[in-house]
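Heads up: the structure comes next, in structure tokens.
The values are calculated or read from the model by the stated rules, or taken from the named source; none is laboratory data. The structure presented is a predicted model; accordingly, all values stated were derived computationally and were not measured. Neighbour counts run over all protein chains shown; Cβ positions are idealised from the backbone, glycine included.
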Amino acid sequence: MKQPADFWDALAPFHSAIENNYFDLPSLHHIRSELREPVLVVGAGQGLIVAELQSKGFQCDGVDFSAEMVRRARSRRGIILIQADASAMPLGDATYETIIYATGVIDFNSDENAIRCILREGQRVVKPGGKMFVAFYRLSPALESFLTKLGLLSGNVVLHRRSLETYLLTGPQMFRWVMKNSGTGWLGAAALMLRLATFGTIREKATTLKMQRIVRKMKDPRAFIQAASETQPYRNEVEIRKLFDRLNIPIQELRTLATCWIARATPAASVGPVASNCPAPEREKPEQSH
Ligand SMILES: C[S@@+](CC[C@H](N)C(=O)[O-])C[C@H]1O[C@@H](n2cnc3c(N)ncnc32)[C@H](O)[C@@H]1O
């Protein structure tokens with residue numbers, strides 16, 4: 001049975017091409033003046049954000065559950081990340097002043113019990129009076145509208161696997177696919193694709209091209225697609241606020257940036273109702289950079 005980290009392990013050899021995405025370096029710079037060290041980045045990938053903060057003089061650690069991501073953070077950047085699931089981190093209570101949840105951790109997760117466990121763990125690890133920033137990926141209105149018209153985005157849910165499958169299509173196949181799924185003729189399909197090409201962001205277009213190359217380069221792209229979750233939430237501002245309301249965590253601020261939303265949550269509030277099946281945190285402390 002596939003594990004949640006399998007998808008990220010399979011993506012890891014290609015991740016360097018697309019790592020500066022969603023909660024990216026420009027997004028980090030928006031919150032930089034509010035960060036107090038030590039900082040913990042949860043979902044640290046191959047250490048892009050950790051390396052950037054360390055280069056600016058911050059004491060910063062990173063956690064990631066993908067063995068391949070952790071291995072490549074070390075070989076590419078010489079960064080030793082802590083390999084652990086965000087819901088049971090081998091870190092002491094009240095260790096960090098700031099926790100940043102990168103995109104890919106909370107926002108890709110549709111299981112609210114799992115989110116509760118992850119945020120409860122963050123509350124344990126953050127110091128009293130510390131800060132928790134939670135990033136949520138954001139699409140351009142043009143891409144949102146394109147995905148909606150093709151039935152890939154509906155009711156704040158993205159058909160993740162089906163979206164990944166489109167990267168395997170050639171240009172003509174994609175055109176026919178758009179025609180079929182939008183229920184329009186060739187003129188309608190051409191208009192849809194032209195609108196996306198005109199109003200989609202340069203970053204999104206570049207990422208699409210990179211993802212097409214990545215998926216075609218994979219030895220077994222079908223296995224990668226199968227390792228992805230079938231669906232993925234897409235939470236806009238309203239949905240993010242509703243999520244935190246259900247979790248009973250007040251948000252001090254919800255910032256809208258070009259490629260993500262960042263919620264600043266109150267660590268002190270309890271994450272209720274209690275999630276019964278959260279894993280127990282591992283208590284022993286691993287090798288860390290501070
Ligand atoms: C989009 S990537 C982060 C990229 C990031 N911008 C960077 O600094 O390179 C998301 C990462 O979160 C990790 N992740 C997702 N869920 C996690 C969890 N429950 N516990 C630990 N890591 C998790 C994945 O393994 C992946 O490496």
Restrict the check to segment 16-34 and report whether at least one residue is in contact with a Leu (Cβ under 8 Å, 6 or more places away or on another chain), among the hydrophobic types (A, V, I, L, M, F, W, C), at pLDDT 95 or above and within 23 Å of C278 (Cα to Cα). no
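Rundown of residues vs (1) of a type in the set (V, I, T); (2) at negative phi; (3) within 6 Å of the ligand (Cβ to nearest atom), yes/no style:
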{"position": "H30", "(1), (2), (3)": "no, yes, no"}
{"position": "E37", "(1), (2), (3)": "no, yes, no"}
{"position": "G43", "(1), (2), (3)": "no, no, yes"}
{"position": "L48", "(1), (2), (3)": "no, yes, yes"}
{"position": "A51", "(1), (2), (3)": "no, yes, no"}
{"position": "D64", "(1), (2), (3)": "no, yes, yes"}
Filter result for G57 (modelled with pLDDT of 95 or more and either more than 9 Å from the ligand (Cβ to nearest atom) or not assigned by TED's automatic domain parsing to the domain that holds V134 (or both)): yes
Are any residues in segment 66-81 more than 6 Å from the ligand (Cβ to nearest atom) and assigned to a helix (DSSP H, G or I), and if so, which ones? A67, E68, V70, R71, R72, A73, R74, S75, R76, R77
Single residue of segment 201-219 satisfying the filter (assigned to a helix (DSSP H, G or I) and among the hydrophobic types (A, V, I, L, M, F, W, C)) that is farthest from L164 (Cα to Cα): I202
When you look at S27, is it of a type outside the set (A, V, I, L, M), surrounded by 21 or more Cβ atoms within 10 Å (Cβ to Cβ) and over 26 Å from L257 (Cα atoms), yes or no? no
Those residues of segment 82-100 that are under 14 Å from V50 (Cβ atoms), within 9 Å of the ligand (Cβ to nearest atom) and either in contact with a strand residue (DSSP E or B) (Cβ under 6 Å, 6 or more places away or on another chain) or in a loop (DSSP other than H, G, I, E, B) (or both) come to a total of 0
In this structure, is V125 of a type outside the set (D, E, K, R), in the same structural domain as V42 (by TED's automatic domain parsing) and touching a Leu at 6+ places or on another chain (Cβ under 9 Å)? yes
